[in-house]
Amino acid sequence: MFEKIYSPVQKLELFPFTQLFVKRDDLIDPYISGNKWRKLKYLLLSANNAHKSHLITFGGAYSNHLVATAAAASRSGLKATAFVRGESVENEMLMLCKLFGMKLIFTDRESYKNKKSLFERYFKLDEDAFFIDEGGASEEATIGCSEIISELDHTYDHIFCAAGTGTTAAGLLKGIQDRGLKTKLHVIPVLKGGSFIRNEIEKYTPISNHLELHLDYHFGGYAKTTPELIEFIKFFTAKTGLLIDPVYTAKMFFSISDLQKQNALNPNDKILAIHTGGLLGMFGMKDKF
Ligand SMILES: *Cc1c(COP(=O)(O)O)cnc(C)c1O
């Protein structure tokens, strides 16, 4: 399952850019999508090496990570259980989790904060239980994400990615540093107050001047949108034929376009946007379109 993948680099025709490319990690798999596939690759290897056959993880009710973990577990013959933040609900994402055989434990927001203690409380006696943090955040995940860089056949002036926990960004930065590239990595936190992402990245790799954080493209916070962002999504998708999601990739593509308008980005620079997938999350906002 984690061997052959299809993630081509494609050119985007978007005025006034002349060398804007996108790494199509969204095409890796419809359910184990984008960076969640990258993150799970070495986590599942670690679980396998430790002879653990029951993945325990955490997420919100519209988490791409939960669907990805559920699908990856069922395809690998593993069991999966998720602590879902908040009161019991039903939606398209959780339906997929259940179809893939994942067990869901709805958890109030206070208890949800202490993930290690939930794991201990419920799975102390389960010798097969393997802890996977929210969003798959881990050293293993950064190694998987750094492989995005080693797959590239060309070098770029700029690489852009959206950030939730910052793990993907850490892996990309590590990949850029390891290969000695001059590429600038632009990271777009999708949450308000995203400066903590710098500390998250630093847990995995030293901060270097390759890194640039853009803190002003959260559009009100995590999973928040504005009419401007929704209009941008409609325009971008109709223009390019590429679907983007309101939570992550739309905020990243908006930043590219906006930085160019502010002359902070030259339209002739060679730019690579990482499409980190996560398109199913769109169903959480279907009333906006
Ligand atoms: C989870 C997710 C991210 C955030 O990745 P982090 O490693 O947590 O920063 C970005 N894009 C998409 C589409 C995601 O599903």
Just the residues that are away from the ligand (no atom under 14 Å from the Cβ) and part of a helix (DSSP H, G or I), please, taken from the range 223-235.
PRO227, GLU228, LEU229, ILE230, GLU231, PHE232, LYS234, PHE235
Of all residues in the range 18-54, which are touching a strand residue (DSSP E or B) at 6+ places or on another chain (Cβ under 7 Å) and farther than 22 Å from LEU280 by Cα?
GLN19, LEU20, PHE21, ALA47, ALA50, LYS52, SER53, HIS54
For the list (1) crowded, with 18+ Cβ neighbours inside 10 Å; (2) part of a helix (DSSP H, G or I); (3) of a type outside the set (D, E, K, R); (4) more than 16 Å from the ligand (Cβ to nearest atom), I need the number of the one condition that ALA80 fails.
(2)
Looking at (1) surrounded by fewer than 16 Cβ atoms within 10 Å (Cβ to Cβ); (2) closer than 16 Å to SER138 by Cβ, which is the one condition that is false for ALA68?
(1)
Looking only at the range 1-60, count every residue that is more than 16 Å from the ligand (Cβ to nearest atom), polar (S, T, N, Q) and over 17 Å from CYS145 (Cβ atoms) and tell me the total.
6
Filter the range 58-77 for residues that are in a helix (DSSP H, G or I) and in contact with a strand residue (DSSP E or B) (Cβ under 6 Å, 6 or more places away or on another chain) and give the result.
HIS65, LEU66, THR69, ALA70, ALA73
Could you please tell me which pairs satisfy a Cβ distance under 9 Å, a separation of 6+ or placement on different chains, a first residue in the range 252-269 that is within 23 Å of GLY166 (Cβ to Cβ) and part of a loop (DSSP other than H, G, I, E, B), and a second residue that is of a type in the set (A, V, I, L, M, F, W, C) and more than 16 Å from the ligand (Cβ to nearest atom)?
LEU265/PHE17; LEU265/LEU259; LEU265/ILE271
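No value in this document is a laboratory result; all are computed from the given coordinates. Predicted, not measured: the structure shown is a model, and the values here were computed from it. Positions of Cβ are backbone-derived with ideal geometry, glycine not excepted, and every protein chain shown enters the neighbour counts.
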